[in-house]
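Take a look at the structure below.
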Amino acid sequence: ARAHGLVCKHTEMVALYEDALRLFLVARVSDEVKDRSIVFPAFIGLATAIADGHLEQDRSCRYEQAMLRRFLEETRNQGRLIHHIHALYLQFQLLAKMAELDKALAVHSLITKLYKPDIHSKGLCRFYGMDSGALSFAMGSYFHLLLGGNKIALKTCRTALKEIVPKIESSFQQAFSVLYPLTLVLMGTGYADEGRAFFEKVVIQHYGRPEGPGFYLTGVYTPFMILLDLTGKKKMKKEKLAEYLSWAIKGEGCRVGDVVNTHLGRLGRCGDSISAEVYTLLAASVPEGKLKDSLLALGK
């Protein structure tokens with residue numbers, strides 16, 4: 001199945017992952033298998049296929065719901081918390097995708113009782129390529145913000161920044177994936193200046209500024225920093241505003257492509273929405289005229 005996925009034969013890939021789960025279910029000795037993790041890659045493969053659009057579902061996502069119920073049952077039987085935490089995170093994501101944020105936050109509350117960053121972060125990154133426990137804190141904080149719970153969103157955000165971020169097994173992409181939604185929460189609750197400083201300290205200073213046309217963050221870095229400046233409480237200097245206007249009128253915007261836009265959207269906001277808000281805020285800072293009209297047109 002993985003080999004088919006690598007050569008973009010997605011239909012064959014999905015069929016083989018499904019066969020693997022079916023065989024594991026009907027095998028007579030299945031109940032005697034102690035290490036249930038041998039079949040976990042099939043669950044992850046199908047979840048990834050769904051996320052990437054290679055497996056169609058009905059509007060109620062019944063296929064994914066059934067698949068995750070079985071994954072949760074298997075991870076519960078396995079007894080290793082890193083697998084169960086990741087299965088809960090996939091359920092958390094599914095509920096969010098279905099716009100059931102209250103239920104998603106209920107799942108997050110289960111994760112908070114199980115997840116210990118200093119114990120589980122390394123294993124989650126090794127098995128699944130990301131620390132889904134830390135990501136649930138970041139996205140849970142953002143979901144509270146979306147539901148209008150600014151106070152609990154900020155509290156969850158600060159808990160993550162203080163108790164989770166310093167302890168996680170991290171890479172540049174992992175740090176960005178956790179810090180991006182947390183920074184959006186700080187911005188949305190009136191602490192954009194703090195969010196900008198923390199984002200630069202943890203992501204940029206520790207791992208270096210993203211550069212190069214092939215790096216997925218390059219295109220969103222500048223507009224995101226501008227947005228945090230424009231929504232902050234510090235008074236904007238005329239020179240800085242002129243610099244941002246010059247950048248904007250060139251029509252730079254976020255140049256990240258559909259794949260990265262989708263990835264950013266899963267973390268809270270896509271690059272296009274960042275650009276649109278930057279142009280709108282810059283347009284509001286200038287008088288009526290051609291410059292304002294140009295900025296508003298570029299922001300559409």
* Structure fact -> Measuring from the longest principal axis of the C-alpha atoms of the chain, the long axis of helix 10-26 (C-alpha) lies at a number of degrees, nearest 10, equal to 40
* Structure-derived Cα extents along the principal axes in Å: which label, when the choices are (1) 59, 42, 39; (2) 75, 40, 35; (3) 64, 39, 35 -> (2)
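Computed FRET efficiency, Cβ-Cβ of residue 297 and residue 201, R0 45 Å: what is it to the nearest 0.05?
The formula returns an efficiency of 0.80 here.
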* Structure fact -> Given the candidates 285, 5, 171, the one whose Cα lies deepest towards the positive end of the charge dipole of the chain, counting +1 at each Lys or Arg C-beta and -1 at each Asp or Glu C-beta, is 285
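With a/c under 1.5 counting as rounded, go ahead and sort the range 6-148 into rounded, prolate or oblate using the C-alpha gyration tensor (a ≥ b ≥ c being the square roots of the eigenvalues; past the cut-off, prolate if a/b is larger than b/c, else oblate).
Oblate.
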* Which pairs break 24 Å Cα to Cα here: 103/300; 151/237; 155/201; 122/201; 97/250? -> 103/300; 151/237; 97/250
* **Surface share of carbon and sulfur [accessible, 1.4 angstrom probe, percent] for the range 126-183** => 54
* Most to least accessible of 125, 157 (protein chains only, probe 1.4 Å) -> 125, 157
* Put a dot 7 Å past each Cα toward the Cβ at residue 173 and residue 33; how far apart are the dots in nm? -> 2.7
* Structure fact -> Counting only protein heavy atoms and rolling a 1.4 Å probe, one gets per residue an accessible area for the chain in Å² of 53
* What residue among 269, 69, 59 shows peak mean-square fluctuation when the chain is described by a Gaussian network model with Cα springs under 10 Å? -> 59
* From a point 7 Å beyond the Cα of residue 238 in the direction of its Cβ, which residues of the range 281-300 have a backbone N at a distance under 19 Å? -> 282-288, 291-292
* **Helical contribution to [θ] at 222 nm, DSSP H n ≥ 4, -39,500 (n - 2.57), averaged over the chain, rounded to 500** => -21000 deg cm²/dmol
* To do: Please report, as a whole percent, how much of the solvent-accessible surface of the range 1-66 comes from carbon and sulfur atoms (probe radius 1.4 Å).
  => 55
* Structure fact -> Helix 40-51 sits off the longest principal axis of the Cα atoms of the chain, rounded to the nearest 10 on a 0 to 90 degree scale, by 40
* To do: Describe numerically, in nm with one decimal, the distance between label points set 7 Å from Cα along Cα→Cβ at residue 56 and at residue 106.
  => 3.2
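The values are calculated or read from the model by the stated rules, or taken from the named source; none is laboratory data. Bear in mind the structure is a predicted one, so any value in this text is a computation, not a measurement. Positions of Cβ are generated from backbone atoms using ideal geometry, with glycine treated the same way; all protein chains shown enter the neighbour counts. Accessible surface areas use protein heavy atoms only, side chains included; no ligands, DNA or RNA. Shrake-Rupley method; radii C 1.70, N 1.55, O 1.52, S 1.80 Å.
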